[in-house]
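To keep things clear, I will list the structure first and then write my remarks on it.
The values are calculated or read from the model by the stated rules, or taken from the named source; none is laboratory data. What you see is a predicted model, and the numbers here were worked out from it, not measured in a lab. Reconstructed Cβ throughout: ideal geometry from the backbone, glycine too, with neighbour counts over all protein chains shown.
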């Protein structure tokens, strides 16, 4: 074997090793990318609590019958505001209109505009239930149910 051939043999083995290493790295990167893509596409959205966006668009929450958990799923509401909405309803009787939600602390015109399309407000249909009377307003325009 000549000295030229012995010099080329380690060099070709080195090239083969580098090529093999490069192929392994590229394969690992491709597999990682595929795994990331599958994980990203199959993950649930943070807002997904059993009601899809389409479900929220087609299903309206009944304001006078919904639990705080159902109300909490509405945009901009969350658990604390939902509890406040139900507490107001329990204390003052059924809501007469969706707009009455602005009487609940923390719910103003902006939040009302975000949720009003997701709500409906029907009065209870029980024969024994009294018909609610419109709430009296104070001088500042805020309803006060205890005022004669």
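In table form, for the structure just shown:
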| read-out | value |
| --- | --- |
| Cβ-Cβ under 7 Å pairs, at least 6 apart or on other chains, region 66-88 side on the phi > 0 side of the Ramachandran plot, far side surrounded by fewer than 19 Cβ atoms within 10 Å (Cβ to Cβ) and modelled with pLDDT under 95 | 76/111; 76/114; 78/72 |
| Complete set of residues in region 17-72 that are in a loop (DSSP other than H, G, I, E, B) and modelled with pLDDT of 65 or more | 59, 60, 63, 64, 65, 66, 67, 72 |
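Quick grid of which residues meet (1) within 18 Å of residue 67 (Cα to Cα); (2) buried (at least 16 other Cβ atoms within 10 Å of the Cβ); (3) modelled with pLDDT of 90 or more:
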residue: 93; (1), (2), (3): yes, yes, yes
residue: 97; (1), (2), (3): yes, no, yes
residue: 100; (1), (2), (3): yes, yes, yes
residue: 107; (1), (2), (3): yes, yes, yes
residue: 122; (1), (2), (3): yes, no, no
residue: 126; (1), (2), (3): no, no, no
residue: 130; (1), (2), (3): no, no, no
residue: 136; (1), (2), (3): no, no, no
residue: 147; (1), (2), (3): no, no, no
